[in-house]
Amino acid sequence: MTTGKRRILVLYWHPGPGELRVAIRRHLHAIDWSRHRHDVLYFNAVDGVPQWLRHFRFDAIILHTTLLCLRWSHLFPELKWKLRWIADVRGVKIAIPQDEYDHAWVLDDWLHELGVSVICTTFGEQHRQTLYPIMANRAAFEKCLTGYIDDADVSWAAERLKPHRERPWDLVYRASHLPYWFGKQGQLKHRIAGIFTDEAERKGLRRDISTAIEDTITGARWLEFLASGRAVIGCESGSSVLDRRGEIRARIQMLCNASPGLTFEHTGRAMPPGWDDWRFYAISPRHFEAVVTKTAQILVEGEYDGILEPGRHYVPLKGDFSNLQDVFDQLEDRPAMERMAEVAYVDLCRSGRFSYKTFAEQLDRVIDRELAGPVASNLVLESGSRLPWRTGCVLAKISERCRMTAYHWTNRFVQSSSHWWMLRHPVVCLAKLFVLIRLVWGSWLTRDMLVHYLSTQKLRKQISPYRLLGDLLTLRLLQEVRVGTASAGTESHVEVRFDDESEVLVFYTRPGLKPDEHSSPSCRHVSRSMPRPRSVVWDHSAVGRQVLYPFVASKRLAFQIGSYGTYTFETMSSLMRSLPDDVWERLSETFQAEAMQQLTKPDGVPG
């Protein structure tokens, strides 16, 4: 039984400009389900935490998953420095991490430095010493889930669900093709898609299965998608790899950069023995969402946190797929599959045992246990000053509103460009907007390409102007890196290769000085006579994920290059194929190091 209303600070991280994904937003606001209706201040720490926020009285500080996930980001050192004041706070500090196997010891060190007293872990006690060698004996651990059942989803589904006989698909599935550093468990999510697609096609079943990124389904459409199928396939969430400080990810990225197209099997042979033999598995929010939509589940055998029972809540599929035919025989028994989905709904959903209300009650018990007394001020600061609670709420809302407004106006110009997600401050927004105009319009090359685009009606219909601006800006940044005006933060050079077979033009940013020229049978250097490429890619991942561009005096602006340091010029290939010959000839010249050096001449015209 909780003792009463608390004042709670929840720190999260969301770069914007759009809203949080539905599932993340519900998890973030889990404490709102408490029957005590706590005073909760949600603060987006994308710019760190301002000094004035330290002068408020809180009974507890919750570090949300979205904040703790930055431990594997290049932004982590800066964020860690801005949040160092939390270590001086006396009171209840609760961490809710996920994907704890990823940069596990970085997380362990960080939570120790912040003085976190409670860790809500998704894994059992058998993993604690492995994941948290420092905190295992210093903090209290609470077992929780990666997600819970939301009552809003239950209400939505109750009004719209159709019986299985009226659903358009026999099998549905969506998943991402995860990077190799998630191990065989990450690859399993992609493998089962191919296996079930082939077998369903052979048996003439209706299916909507994909792992392609363009087929990703988000928001409210996700529940609609699940509700359109009689059954969904899947496996446990998690990873079979323990990456203590990012060394596994770095090693795999190095191997893939050295040998593009390297298979997972070949990658595994180059890794240390046992690197892929861990079992950090957990039940996923997807399994609960399937229960809510009364969609039967075909799942690879596993523990599922002891919640899902094989044969009762799902059809078990052996890890080696040896019982695949038996699984399809059960799938064709429509009444049995519908009964199984109904049983799972009654046991997991209607019982209320796995709702967000249950999670909120757990957090209430944790806070009360740690406080061990009536509501009191547990946030003690050096200054000792205090500000009214309502003032803090108003200031936080004004701060977030100003940031979102800056995002909105800047993204009207560069809405789809992946590196603009780093705009975290109105001044930075204006600075990057100025750089965008100066770079794109200040080069004869990008200026001619932009003019050609604006004067060609067919191109304007095919290509989004926002995406084109993103491509042109990234092309200019690439040029600036090649001539040395912009940098990757370390000494580097750019290699250019053209694959004759796939007709893909690739720029590789490599560390160190430029080596002697060389070529390979499948790739050759770019020349004026090369055919116009089908695709253009900039692989910057070998030296990082961002480019630093000089702005004023010693100040430099950081531009993100793609999600993992790789950028695909999605609109560039269409634009290249339509360019006039003279513009194309000048463009092809700029792809050569010699021509790039000539661009730095005072007159700005290639020699």
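For the stretch 363-389: of the residues being surrounded by fewer than 17 Cβ atoms within 10 Å (Cβ to Cβ) and modelled with pLDDT of 90 or more, which is farthest from SER34 (Cα to Cα)?
Out of the qualifying residues, it is ARG369.
So, ASP153, is that one open to solvent by 10 Å² or more (accessible area, probe 1.4 Å), of a type in the set (Asp, Glu) and in contact with a helix residue (DSSP H, G or I) (Cβ under 6 Å, 6 or more places away or on another chain) or not? First the steps, then the outcome.
Values: open to solvent by 10 Å² or more (accessible area, probe 1.4 Å): yes; of a type in the set (Asp, Glu): yes; in contact with a helix residue (DSSP H, G or I) (Cβ under 6 Å, 6 or more places away or on another chain): yes.
Yes, satisfied.
Can you name every residue in the stretch 121-143 that is acidic (Asp, Glu) and part of a strand (DSSP E or B)? Please lay out each step first, then the result.
Residues of the stretch 121-143 that are acidic (Asp, Glu), as a first pass: 125, 142.
Selection gives GLU142 alone.
Within the stretch 23-38, can you find the residues that are out of contact with any Pro (no Cβ under 9 Å at 6 or more places or on another chain) and open to solvent by less than 30 Å² (accessible area, probe 1.4 Å)?
LEU28, ALA30, ILE31, SER34, HIS38
Identify the single condition in (1) open to solvent by less than 10 Å² (accessible area, probe 1.4 Å); (2) of a type in the set (Ser, Thr, Tyr); (3) more than 25 Å from TYR345 (Cα to Cα) that THR130 does not satisfy, given that it satisfies every other one.
Unmet condition: (1).
Against the definition (aromatic (Phe, Trp, Tyr), modelled with pLDDT of 90 or more and within 20 Å of the chain's Cα centre (by Cα)), how does TYR173 come out, yes or no? Lay out the reasoning, then the answer.
Numbers: aromatic (Phe, Trp, Tyr): yes; modelled with pLDDT of 90 or more: yes; within 20 Å of the chain's Cα centre (by Cα): yes.
Answer is yes for this residue.
Give the stretch 231-244 a look and list any residue that's over 13 Å from PHE182 (Cβ atoms) and either surrounded by fewer than 15 Cβ atoms within 10 Å (Cβ to Cβ) or in contact with a Ser or Thr (Cβ under 7 Å, 6 or more places away or on another chain) (or both), or say none.
Let us first name the residues in the stretch 231-244 that are over 13 Å from PHE182 (Cβ atoms), namely 231-234, 244.
Result: ALA231, VAL232.
Restricting to the stretch 306-351, count the residues that are within 18 Å of PHE196 (Cβ to Cβ), open to solvent by less than 20 Å² (accessible area, probe 1.4 Å) and in a loop (DSSP other than H, G, I, E, B).
Count: 0.
Let's see how each residue does on (1) open to solvent by 10 Å² or more (accessible area, probe 1.4 Å); (2) under 25 Å from the mean Cα position of the chain (by Cα); (3) under 25 Å from ASP320 (Cα atoms); (4) not hydrophobic (A, V, I, L, M, F, W, C):
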site	(1), (2), (3), (4)
LEU255	yes, yes, no, no
ALA258	yes, yes, no, no
TRP275	yes, yes, yes, no
TRP278	yes, yes, yes, no
GLN297	no, no, yes, yes
TYR304	no, yes, yes, yes
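Could you check the stretch 176-195 and list, in sequence order, the residues that are at pLDDT 90 or above and either touching a Lys or Arg at 6+ places or on another chain (Cβ under 7 Å) or open to solvent by 70 Å² or more (accessible area, probe 1.4 Å) (or both)?
Across the stretch 176-195, the qualifying residues are TRP181, LYS184, ARG191.
Among (1) open to solvent by less than 20 Å² (accessible area, probe 1.4 Å); (2) modelled with pLDDT of 90 or more; (3) in contact with a helix residue (DSSP H, G or I) (Cβ under 7 Å, 6 or more places away or on another chain), where does GLY16 come up short?
Exception for GLY16: condition (2).
State whether the residues of the stretch 56-65 include one that is in a helix (DSSP H, G or I) and open to solvent by less than 10 Å² (accessible area, probe 1.4 Å).
Just the residues of the stretch 56-65 that are in a helix (DSSP H, G or I), to begin with: 65.
In the following step, the residues that additionally are open to solvent by less than 10 Å² (accessible area, probe 1.4 Å) were identified as none.
Within the stretch 56-65, none of the residues are in a helix (DSSP H, G or I) and open to solvent by less than 10 Å² (accessible area, probe 1.4 Å).
Name every residue in the stretch 70-114 that is in a loop (DSSP other than H, G, I, E, B) and either more than 20 Å from PHE56 (Cβ to Cβ) or open to solvent by 40 Å² or more (accessible area, probe 1.4 Å) (or both), in order of residue number. Spell out how you get there, then give the answer.
Going residue by residue through the stretch 70-114, those that are in a loop (DSSP other than H, G, I, E, B) are 73-75, 83, 89-91, 96-101, 103.
Those that are in a loop (DSSP other than H, G, I, E, B) and either more than 20 Å from PHE56 (Cβ to Cβ) or open to solvent by 40 Å² or more (accessible area, probe 1.4 Å) (or both): SER73, HIS74, LEU75, ARG90, ILE96, PRO97, GLN98, ASP99, GLU100, TYR101, HIS103.
Could you tell me whether the stretch 565-586 includes any residue that is touching a strand residue (DSSP E or B) at 6+ places or on another chain (Cβ under 7 Å), among the aliphatic types (A, V, I, L, M), outside any loop (DSSP other than H, G, I, E, B) and at pLDDT 75 or above? Reasoning before the result, please.
In the first step, residues of the stretch 565-586 are kept if they are touching a strand residue (DSSP E or B) at 6+ places or on another chain (Cβ under 7 Å); the result is 566-569, 572-573.
This time we only want the ones that are among the aliphatic types (A, V, I, L, M), so: 572.
Imposing the further condition that a residue be outside any loop (DSSP other than H, G, I, E, B) reduces the set to 572.
Next, from what is left, pick out any that are at pLDDT 75 or above: none.
Checked against the condition, which is being touching a strand residue (DSSP E or B) at 6+ places or on another chain (Cβ under 7 Å), among the aliphatic types (A, V, I, L, M), outside any loop (DSSP other than H, G, I, E, B) and at pLDDT 75 or above, the stretch 565-586 yields no hits at all.
If a residue must be touching a Phe, Trp or Tyr at 6+ places or on another chain (Cβ under 9 Å) and either surrounded by fewer than 17 Cβ atoms within 10 Å (Cβ to Cβ) or without any contact (Cβ under 8 Å) to a residue 60 or more places away in the chain (or both), how many such residues does the stretch 201-223 contain? Give the steps one after another, and end with the answer.
Pass one, the stretch 201-223, residues touching a Phe, Trp or Tyr at 6+ places or on another chain (Cβ under 9 Å): 203, 205-211, 217, 220, 223.
Adding the requirement that they be either surrounded by fewer than 17 Cβ atoms within 10 Å (Cβ to Cβ) or without any contact (Cβ under 8 Å) to a residue 60 or more places away in the chain (or both) leaves 203, 206-211, 217, 220.
Within the stretch 201-223, residues that are touching a Phe, Trp or Tyr at 6+ places or on another chain (Cβ under 9 Å) and either surrounded by fewer than 17 Cβ atoms within 10 Å (Cβ to Cβ) or without any contact (Cβ under 8 Å) to a residue 60 or more places away in the chain (or both) number 9.
Restricting the search to the stretch 533-542, which residues are open to solvent by less than 30 Å² (accessible area, probe 1.4 Å) and assigned to a loop (DSSP other than H, G, I, E, B)?
The answer is PRO533, HIS540, SER541.
Residue-by-condition table, conditions (1) closer than 30 Å to ASP151 by Cα; (2) aromatic (Phe, Trp, Tyr):
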site: ARG249; (1), (2): no, no
site: PRO260; (1), (2): no, no
site: GLU265; (1), (2): no, no
site: PHE328; (1), (2): no, yes
site: CYS349; (1), (2): yes, no
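Any chance the stretch 203-225 includes a residue that's in contact with a Gly (Cβ under 8 Å, 6 or more places away or on another chain) and more than 22 Å from PRO316 (Cα to Cα)?
no
The values are calculated or read from the model by the stated rules, or taken from the named source; none is laboratory data. Keep in mind the model is a prediction, meaning the values are calculated, not measured. A quick note on method: Cβ atoms are made from the backbone with ideal geometry, for glycine too, and the neighbour counts reach across all protein chains shown. Side chains included, ligands, DNA and RNA excluded: accessible areas come from the protein's heavy atoms. Shrake-Rupley method; radii C 1.70, N 1.55, O 1.52, S 1.80 Å.
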